[in-house]
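Asker: Here it is, the structure in full.
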Amino acid sequence: MMEAAAYTDLRNYIKTRIGSAEYEVSGAWSSCTIAEAIITGTGIVRIKCQVSPGAACTITGVRLKNTDGQVWCTKEVNVVIDSASTHLLQWFDFVITESEVS
């Protein structure tokens, strides 16, 4: 079984290895801000992305890249941004669990 130190190391690795975030509009990806990267009290690694496209659009995806620029994960969304809503806050939760395989 994994010990507490292993969980801590894996959580910190994920938190520090995320390098950038992007959002998709009409098939094109643009950079967005990583607003926060935390480890919650329950051990979840949470990466929050603030998307501010600056114009009305439909956001269809948000993704995270590692510090080498490789895509780690992509989330499909369908969020309409209009003149009344200028930002979207989207987050990714990484939960580390262990299971035994027999």
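Asker: Taking every pair of distinct Cα atoms and averaging 1/r, then inverting, what Kirkwood hydrodynamic radius in Å comes out for the range 1-82?
Answerer: 13.9
Asker: Assign unit charges at the C-beta atoms only (+1 for Lys and Arg, -1 for Asp and Glu), then state the dipole size of the chain relative to its Cα centre in Debye, rounded to the nearest 20.
Answerer: The dipole magnitude comes to about 220 debye.
Asker: With runs of 4+ DSSP H residues as the only contributors, calculate the mean residue ellipticity of the chain at 222 nm using -39,500 (n - 2.57) per run, divided by the residue total and rounded to the nearest 500.
Answerer: That calculation yields -4500 deg cm²/dmol at 222 nm.
Asker: Extension gain Ala28-Asn66, at 0.36 nm per residue separation less the Cα-Cα distance, in nm?
Answerer: Length difference between fully extended and current span is 11.8 nm.
Asker: Something else: By how many nm would the segment from His87 to Thr8 grow when fully extended, if each residue of separation counts as 0.36 nm and the alpha-carbon distance is taken off?
Answerer: 25.2 nm
Asker: Output the 0 to 90 degree angle, nearest 10, between the alpha-carbon long axis of helix 4-17 and the longest principal axis computed from the alpha carbons of the chain.
Answerer: 30
No lab work stands behind these numbers, since they all come straight from the coordinates. These numbers come from a predicted model, not from an experiment. Ideal geometry is used to build each Cβ from the backbone, glycine not excepted, and the neighbour counts take in all protein chains shown.
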